[in-house]
Amino acid sequence: MQPIRVTVLISGNGTNLEALLMAIKEKQLPVQVVQVISNRKEAYGLERAKKHRVPCRVMPVDAGENHGTQLLHWLEEASTDLVVLAGYLKKVPQEVLSRYENRVINIHPSLIPAFAGPGWYGMKVHEGVWTRGVKVTGATVHFVNGEMDAGPIILQEALVLEEDDQPADIQQKVLTLEHRLLPQAVAFFAAGRIVVSDGRTIIKSGVDHP
Ligand code: GRF
């Protein structure tokens with residue numbers, strides 16, 4: 001089976017990128033990360049990519065109107081099958097979403113629709129969770145559509161919080177979950193097991209990677 005070709009978009013630390021690269025290697029997933037694109041040249045995730053010998057590109061998003069055209073060009077040039085947003089903090093241009101409908105996935109550090117949508121990103125999510133005093137949070141992998149955190153949900157996993165968890169503890173615990181969930185979703189995509197219908201997804205049965 002030919003591996004699917006994945007472009008990962010990042011803005012920061014890139015621990016989810018690293019988890020994906022490790023899972024591909026360890027579980028021999030039929031997936032190849034063909035390039036990593038960051039909107040910030042200082043993003044530490046670029047170092048992680050280089051360590052794994054993955055080609056990197058930097059595309060500052062205020063670089064003008066062409067950014068959608070440029071991004072689409074890079075995606076197509078690398079024959080990308082799937083785009084993974086792994087801590088990418090910019091909006092994906094509509095022309096990319098149209099061309100890659102149900103082929104762009106994002107990981108969000110809460111149980112969507114809670115603590116999701118405009119303004120809910122990074123530590124703000126975990127601070128919101130702490131302030132509201134919810135007892136359960138988690139992570140969500142979803143397809144990206146034009147609306148923030150609103151596309152069809154692929155996978156979710158919940159996490160029961162401890163009384164004394166602070167926002168930084170919550171972030172760490174959720175990240176650990178994310179590092180399992182994102183590679184799992186990519187593996188399901190690669191196996192052609194995700195069916196989207198009426199804004200919902202169904203994961204078809206099949207052989208799970210251990
Ligand atoms: C993760 O919490 C992810 O859910 C969110 O941004 C964070 C990125 O972390 N979208 P990292 O860069 O993968 O370490």
- Task: Take the Cα of THR131, step 7 Å along the line toward its Cβ, and report every residue of region 86-119 whose backbone nitrogen sits under 19 Å from that point.
- Result: 109-119
- Note on the structure: region 114-149 scanned against label point 7 Å out from ASP169 along Cα→C-beta; backbone N under 19 Å for 123-139
- Item | Net charge dipole size for the chain [Lys, Arg +1 and Asp, Glu -1 on Cβ; Debye, nearest 20] | 540 debye
- Message: 5 Å is the cut-off here: which amide hydrogens, built 1.01 Å from N in the peptide plane, fall below it relative to VAL33, excluding neighbours closer than 5 in sequence?
- Response: VAL6
- Query: So, with +1 on the Cβ of K and R and -1 on the Cβ of D and E, and no other charges, what is the size of the charge dipole of region 1-118 about its Cα centre, to the nearest 20 debye?
  - Reply: 360 debye
- Ignoring GluC sites (Glu not before Pro) buried by more than 11 other Cβ within 10 Å or outside DSSP loops, the longest site-free run in the chain is 66-146
- Residue-wise, which Karplus ³J(HN,Hα) couplings in Hz belong to region 86-99, taking 6.51 cos²θ - 1.76 cosθ + 1.60, θ = phi - 60°, and x for glycine or proline? 10, x, 9, 9, 10, 6, 7, x, 4, 5, 6, 4, 5, 6
- Would you please give the residues with an amide H less than 5 Å from that of GLY87, counting only those at least 5 places away or on a separate chain, with H modeled from the backbone geometry? ILE107
- Query: Applying 1/(1 + (r/R0)^6) with R0 = 22 Å to the Cβ-Cβ distance of ARG57 and LEU89, what FRET efficiency is obtained, to the nearest 0.05?
  - Reply: 0.85
- Whose amide H sits under 5 Å from the amide H of GLY14, counting only residues 5 or more places off or on another chain, with H placed in the peptide plane? GLY45
- Hey, what do the phi angles of region 165-177 turn into as Karplus ³J(HN,Hα) couplings, whole Hz, using 6.51/-1.76/1.60 and θ = phi - 60°, x for Gly and Pro? 5, 9, x, 5, 5, 4, 4, 4, 5, 5, 4, 4, 4
- Query: Which ³J(HN,Hα) values in Hz, rounded to whole numbers, follow from the phi angles of region 110-123 under the Karplus curve 6.51 cos²θ - 1.76 cosθ + 1.60, where θ = phi - 60° and Gly and Pro get x?
  - Reply: 8, 8, 4, x, 6, 6, 9, x, x, x, 9, 8, x, 4
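Quick check on my link table: of LYS27/LYS50; LYS173/LYS204; LYS27/LYS173, which ones sit more than 26 Å apart, alpha carbon to alpha carbon?
As for pairs spanning more than 26 Å Cα to Cα, those are LYS173/LYS204.
Where a number appears in this text, it was derived from the coordinates with a stated rule and is not lab data. Note that this is a predicted model, so its numbers are computed, not measured. Every residue, glycine among them, receives a Cβ derived from its backbone with ideal geometry; neighbour counts consider all protein chains shown.
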